[in-house]
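Bear in mind that the values in this text are calculations on the coordinates, not laboratory data. These figures come from a predicted structure and were not determined experimentally. Positions of Cβ are backbone-derived with ideal geometry, glycine not excepted, and every protein chain shown enters the neighbour counts.
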Amino acid sequence: MAACSDGTKRPGRTDGPLPGSLGTALYVAAVSVDEVAGTYTGVLPCADCPGIETTLVLKSDETYRLETRYQGKGNESPFVAEGNWALKDDRVKLKDIKDAPDTYLIEDGYLVQLDMDGKKVEGALAEHYVLKKK
């Protein structure tokens, strides 16, 4: 078996993912709903506040709970959305989300929130659209 190995690190292992889309594609090919399921948190960029505290819980039964709280807005209660989610290729799609991003790119141990068109956000804040798995 050692002769068949090309020595490249494989995603999903402790030795790290491959860089770029090839690494993502190989990682996704190896994941299941149960592996993607979990709690993801982060502070996403906000146009008119310091940030949006976000917690996304993806359950193994393909339901989700999304909580968002806008920092500095004086509202202690988070906005909550619940529904079903689907795993397709290298993405998680939240169903029944309207007027907000609903698709996340699966990376090794985190999700990257995509824009309204399902594309990676580019620019100075691009690296801040990340929810890390707890």
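So if R0 is 22 Å, what FRET efficiency would E82 and D108 give, r being the distance between their Cβ atoms, rounded to the nearest 0.05?
Values: r = 27 Å, r/R0 = 1.21.
Working from the Cβ atoms, E equals 0.25.
Give the calculated FRET efficiency between D96 and T41 to the nearest 0.05, with a Förster radius of 25 Å applied to their Cβ-Cβ distance.
My answer for the efficiency is 0.70.
Separation between the V57 and D117 pseudo-spin-labels, each 7 Å from Cα along Cα→Cβ, expressed in nm?
With each label placed 7 Å out from Cα toward Cβ, I get 3.5 nm.
Determine the alpha carbon to alpha carbon distance for each of K73/K93; K59/K119; K98/K133; K88/K119 and list only those over 20 Å.
K73/K93; K59/K119; K98/K133
Computed on alpha carbon atoms, what radius of gyration and Dmax characterise the stretch 55-134, expressed in Å?
According to the Cα coordinates of the stretch 55-134, Rg and Dmax are 12.8, 39 Å.
When Lys and Arg each count +1 and Asp and Glu each count -1, what net charge do the other residues less than 13 Å away from V43, Cβ to Cβ, add up to?
Net local charge, V43 excluded: -1.
Between V33 and D89, how many nm apart are label points set 7 Å from Cα along the C-beta direction?
The modelled label-to-label distance comes out at 2.1 nm.
Quick check: net charge around I106, other residues with Cβ under 12 Å of its Cβ, Lys/Arg +1 and Asp/Glu -1?
Within the 12 Å Cβ shell, the charges total -1.
Could you compute the net charge surrounding G72? Neighbours are other residues with a C-beta less than 13 Å from the C-beta of G72; K and R count +1, D and E count -1.
-1
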